[in-house]
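The values are calculated or read from the model by the stated rules, or taken from the named source; none is laboratory data. Everything quoted here is computed from the prediction, not taken from an experiment. Cβ sites come from the backbone with ideal geometry, for glycine too, and all protein chains shown count toward neighbours. These area figures cover heavy atoms from the full protein model, side chains too; ligands, DNA and RNA do not enter into them. Shrake-Rupley method; radii C 1.70, N 1.55, O 1.52, S 1.80 Å.
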Amino acid sequence: MALHLLHLSRGLHAKLVAPLITISKHILFYSVSHTFHQTLSLPPQCHSPPHPSLPQFLQLLKRVSHSSSPASESITLLDDSGFQANRDLICSAIWELREEWKAAFVAFNWGNCYDDEKVCNLMIWVLGTHAKFSTAWSIIGDMHRSSISTRQAMLIMIDRYAAANNATKAIQTFNFMEKFRLALDQEAFYALLTSLCKHENVEEAEEFMLANKKLFPLQTEGFNIILNGWCNITTDIFEAKRVWREMSKYCITPDATSYSHMISCFSKIGNLFDSLRLYDEMKRRGLIPTIEVYNSLVYVLTRENCLKEAIKVVDKMKEEGLQPYSATFNSMIRPLCEVGKLAEARIILNTMLEENLRPTIETYHAFLEVTDYEGTLEFLSKMKGSGLGPNEDSFLIILAKFLKLKQHANAMKMWMEMKKCNVVPSCMHYKTMVEGLVTCRWFIKARDFYEEMISNGCSEDPKLRMIFQKELVDSGDKGKQNVKKVTSY
């Protein structure tokens, strides 16, 4: 089969040099190579059941956090509130208030949770996410003095520094682990590399890995983390190919994961020939392709107008004992929607349903990006019926689509639909509407949305403010000109 597909791809050579495009993050096929590293991308949770009095407690915390009263008075107010400072309530409150770090930190301090490792880790993640690193370090210091393990807390700090695009601080934190009597072992080393790559600091991760090859000998797993960064985070095929050559230089043998990353990268840029070439090479070396490899082949075949061959790959998966899942069908639906082949995409969706596979929110988003007004309503209804939203991202996609098409009336209707779906507009929704309405030259309505955006606590946009001021001046000048014309008669 692989040789047949290679022969087929040669006839498509003109399409193989298609320009690099950005594929939606919703259909990234791979995560990092080690399951431990995956946990760093997720906030630590205490897995507490919802507390019955949580809504009232959250309201009180928000009110206290916005008060100008001293911290001691805030604590006294919480002490006199009748709420009991138990672990479940505090943990749930911190999680629900993860977007409002001040209120979350009030709950943490009131609950006096410095002796609870999981609660501390969650609070550190929240603070790091909001770049409140000094406060986070103070919690780690208290944990260390109380003889509570700070290993996971330090790894969280590394990840949050990387997320803040501060690779230097992330590396310094790794080196600082020894101060807390924590072993700088290979697991922590790979966790650092993974965090750096995940947040697009791939070059820094690669440099650090090579600079420390005496302490941490170069292995396939380390190179796979770097490959994952170039292939699936930044989608830089030139750097990925360079690292592939570096592996050979250091006598590092690629494994199935290495091939998976490279095939994924070639797939995403529409390079059918090299995707199939590496797949064939895998088979010759006795490596077993994973379901992610097949998903990549399905995607690139569909994108390069070889839908029948993509379906044959799905059949091949079944023959080899691999069960296609939602991402497999999304790998066909997404590229079909991107080129406007909605009829074919609907057929794949129906096939997916016939095989008792549930569409994911990514499935519906692929359709929402390209359907007309009636089609958009149809898929919003399907999402509601399947319990998959719609969510904030769904309406960002819809609003951006209609405003790009200068269908401002449909965008306005969808704004009302968003409220019907109980989706609270975020600052990004407001900004998308304002910028789109300005482009459509609906300045009055755009100004109304802008003022509502500011009143809801969103930051002012200097560029938009200047546009409104200029339009106000221009409309005033036009009015004066019209007056002069009338009086001259």
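Structural remarks
- Search result, residues across segment 278-327 that are open to solvent by less than 70 Å² (accessible area, probe 1.4 Å), among the polar types (S, T, N, Q) and under 27 Å from residue 343 (Cα atoms): 295, 296, 302, 326
- Residue match in segment 457-472 (condition: without any contact (Cβ under 8 Å) to a residue 24 or more places away in the chain, closer than 25 Å to residue 99 by Cβ and among the hydrophobic types (A, V, I, L, M, F, W, C)): no
- Test: residue in segment 193-202 that is surrounded by 14 or more Cβ atoms within 10 Å (Cβ to Cβ) and of a type in the set (Asp, Glu): yes
- Checking the stated criteria, residue 187 turns out not to satisfy the condition of being charged (D, E, K, R), open to solvent by 50 Å² or more (accessible area, probe 1.4 Å) and under 20 Å from residue 239 (Cβ atoms).
- Hey, residue 106 over 26 Å from the mean Cα position of the chain (by Cα) and either modelled with pLDDT under 95 or open to solvent by less than 10 Å² (accessible area, probe 1.4 Å) (or both) or not: yes
- Residue within segment 400-417 that is more than 25 Å from residue 441 (Cα to Cα) and open to solvent by 30 Å² or more (accessible area, probe 1.4 Å) present: no
- The listed residues are 372, 315, and the only one of them that is over 30 Å from residue 283 (Cβ atoms) and of a type in the set (Asp, Glu) turns out to be 372.
- Some residue of segment 347-356 being surrounded by fewer than 16 Cβ atoms within 10 Å (Cβ to Cβ) and under 23 Å from residue 270 (Cα atoms): yes
- Here segment 328-340 is the region considered, the condition is being open to solvent by less than 10 Å² (accessible area, probe 1.4 Å) and not hydrophobic (A, V, I, L, M, F, W, C), and the residue that is farthest from residue 259 (Cα to Cα) is 335.
- Failed criterion for residue 475 (all others in (1) small (Gly, Ala, Ser); (2) touching a helix residue (DSSP H, G or I) at 6+ places or on another chain (Cβ under 7 Å); (3) modelled with pLDDT under 80 hold): (2)
- Close pairs (9 angstrom Cβ cut-off, 6 or more residues apart or separate chains): over 19 Å from residue 145 (Cα atoms) and assigned to a loop (DSSP other than H, G, I, E, B) in segment 164-181, open to solvent by less than 30 Å² (accessible area, probe 1.4 Å) and of a type in the set (A, V, I, L, M) anywhere: 164/170
- Subset of segment 131-155 (residues that are in a helix (DSSP H, G or I) and open to solvent by 10 Å² or more (accessible area, probe 1.4 Å)): 133, 134, 135, 137, 138, 141, 142, 144, 145, 151, 152
- If only residues of segment 418-431 that are in a helix (DSSP H, G or I) and without any contact (Cβ under 8 Å) to a residue 12 or more places away in the chain are counted, the one that is surrounded by the fewest Cβ atoms within 10 Å (Cβ to Cβ) is 420.
- Listed by first and then second residue, the pairs linking a residue in segment 286-302 that is farther than 11 Å from residue 256 by Cα to a residue that is crowded, with 18+ Cβ neighbours inside 10 Å and of a type in the set (Asp, Glu), with Cβ atoms under 9 Å apart and 6 or more places separating them unless they lie on different chains, are 297/309; 301/309; 302/309.
- Among the residues of segment 109-139, the ones that are on the phi > 0 side of the Ramachandran plot and over 25 Å from the mean Cα position of the chain (by Cα) come to 1 in all.
- Qualifying residues in segment 56-84 (those that are in contact with a Ser or Thr (Cβ under 7 Å, 6 or more places away or on another chain) and either under 13 Å from residue 108 (Cα atoms) or surrounded by 14 or more Cβ atoms within 10 Å (Cβ to Cβ) (or both)) - the one modelled with the lowest pLDDT: 74
- Complete set of residues in segment 85-100 that are part of a loop (DSSP other than H, G, I, E, B) and either farther than 12 Å from residue 112 by Cα or open to solvent by 60 Å² or more (accessible area, probe 1.4 Å) (or both): 97, 98, 99, 100
- Selected residue [β-branched (Val, Ile, Thr) and in contact (Cβ under 8 Å) with a residue 40 or more places away in the chain] from 233, 263, 225, 252: 225
- Residue within segment 307-315 that is under 24 Å from the mean Cα position of the chain (by Cα) and of a type in the set (Val, Ile, Thr) present: no
- Among residues of segment 363-388 being within 22 Å of residue 403 (Cα to Cα) and part of a loop (DSSP other than H, G, I, E, B), the one that is least open to solvent (accessible area, probe 1.4 Å) is 371.
- Pairs with Cβ under 8 Å, 6+ apart, first in segment 438-456 and more than 13 Å from residue 469 (Cα to Cα) and among the aliphatic types (A, V, I, L, M), second part of a helix (DSSP H, G or I) and open to solvent by 70 Å² or more (accessible area, probe 1.4 Å): 453/431
- Within the span defined as segment 432-443, one or more residues are crowded, with 18+ Cβ neighbours inside 10 Å, within 25 Å of the chain's Cα centre (by Cα) and of a type in the set (Gly, Ala, Ser).
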